[in-house]
Amino acid sequence: MLNCLTAKLLNQKKLKFMLPKKVEKILNEQIEKEGYSSHLYLAMASWAENSGFKGIADWLYAQAEEERFHMLKLVHYINERDGKTVIPVIKLPPAKYAGIKEMFNQVLEHEQYITASINNIVGVCIDQKDFTTHNWIQWFVNEQIEEEASSREIIDKLNLVGTQNMYLFDRDILGMRRPSAVTGGQA
Ligand code: FEO
């Protein structure tokens, strides 16, 4: 009788801690978005490297790794909460870009899209009363402030140097990277 009661209580506790299905679904959708971010920056890096911009390429390769780290963070979290992770097919990013400034404008636009997506997750957590995920997702909320700020900083610098003096910009861009969440140090 006692064992039966204990099992029932444990079950209730587990049910309370379980990831709500709507939260699980939106986190899985975010896995795909972070995976695409990684692919997009990898495609941009490859294009930049092929176009002779080694420094810009290295910045983007490092950014692609950061995005993969974001994707893995979501995968581990869903699994830790006893949810079901779906590893998605990632769509093809563009292979060519109109120019360096145009490309970084695309980076900023993409980060703004990701910020909106993270904010949407916060809304679903509140709606579902999943305060554990609400607390956990704050790391991404803060990360997005920095990701947008660093894209804006690069665009500001590009506006200052103009398109005629890309040598110095390409040489110095890596110095603009903040400490990496992946390596714990510079890019
Ligand atoms: Fe993981 Fe740049 O958003």
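Derivation of every value follows stated rules applied to the coordinates shown; laboratory data play no part. Please read these numbers as outputs of a predicted model, since none were measured by experiment. Neighbour counts run over all protein chains shown; Cβ positions are idealised from the backbone, glycine included.
Points to keep in mind about this one:
- Averaged over residues, the count of other Cβ atoms within 10 Å places the peptides 116-125, 69-78 in the sequence 69-78, 116-125, highest first.
- Net charge, Ile90 excluded, C-beta distance under 12 Å - Lys, Arg +1, Asp, Glu -1: 0
- Between Tyr97 and Met18, the contour length at 0.36 nm per residue exceeds the Cα-Cα span by 24.1 nm.
- Surrounding net charge for Gly35, when Lys and Arg each add one and Asp and Glu each subtract one, Cβ distance under 14 Å: -2
- Potential extension, Asn165-Ala149 segment - 0.36 nm per residue separation minus Cα distance: 3.5 nm
- Label-point separation, Trp139 to Asp127 (7 Å along Cα→Cβ), nm: 2.5
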